[in-house]
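I have placed the structure first, in the form of structure tokens, so that the comments after it can refer back to it.
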Amino acid sequence: MGQAVKLSYDKQVDFMEQAEGHIRLQWRPQRGVGLADQVYALLLGAIDAGAYSSGERLPSESELSRSYGVSRPILREALMRLKADGFVVSRQGAGTFVARRPPDKLMTLARVQDVARYLRTYEIRSALEGQGAWFCALRRTDKELAEIEAAHRDLLTALGVGAAVAKLDFAFHRSIARSSGNDLFVELLDALNELVIGGMSLGVGVNQEVPQASLNRIAEEHTRILEAVQACEPESAKLAMQYHIDQAKRRLTDRARAQS
């Protein structure tokens, strides 16, 4: 019998590495949380805790399904999400391998089971806010543009002095949605308010000690969105918004980016 690795997931979970390389997992599924999200969280926690090392091949789907006590479709969905977030990679004919560990602060600033929900929110935001920015650049009024510019100035000021920016960041994004000419964009963004601000706050925490150059890149991404809206260029606004949201997600999940 090998090393026991502890992972905190509301209650203590034991990963016990066996001599033959299998991992026996004892865990209790939670009500109100999708099984795929829970398995995603457990696998990510195992990677973070060192049960699976960077570059190591994960056990087969059948072995993982048996270890985690879930069906193979549930296990595949969890692996698909881990792959989408860059934590694992599939190699044809060879299996699934750990690509990287999550940034240290990601696993200490948020409950591991919440990480999956925050990352899923970025996927929704890319579609929702990208299209909202497209319509904003097409329909915004001069008054609405002035409000967007004011929100942009407030955000850049806060970034420049290292202040808390999550709410100001959300205010900028909300001003874009509100200027789309379609109330549903802002209503849907407001419905996601808690998850969006939570993800933004987590991103700020993970990247809190990054060099000023990284904060400058964040500022530049917002400025590109504003410039496209100012120029009334819908496609550029959409692409700039989607690029920014994709980069925000990468900064949250990529250990290298979080340290540079």
*Sole residue being assigned by TED's automatic domain parsing to the domain that holds ALA219, in contact with a His (Cβ under 8 Å, 6 or more places away or on another chain) and buried (at least 17 other Cβ atoms within 10 Å of the Cβ), chosen from LEU189, LEU202*: LEU189
_Output for the stretch 64-92, where each listed residue is assigned to a helix (DSSP H, G or I) and polar (S, T, N, Q)_ = SER65, SER67
*All positions within the stretch 33-68 that are modelled with pLDDT under 85 and at positive phi*: GLY50
*asked:* Looking at the stretch 110-169 only, could you name the residues that are of a type in the set (Val, Ile, Thr) and either under 16 Å from LYS238 (Cβ atoms) or assigned by TED's automatic domain parsing to the domain that holds LEU35 (or both)?
replied: ILE124, ILE148
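The values are calculated or read from the model by the stated rules, or taken from the named source; none is laboratory data. Note that the coordinates shown come from a computational prediction; the quantities given were computed from them, not determined experimentally. So basically every Cβ, Gly included, is an ideal-geometry build from the backbone, and we count neighbours across all protein chains shown.
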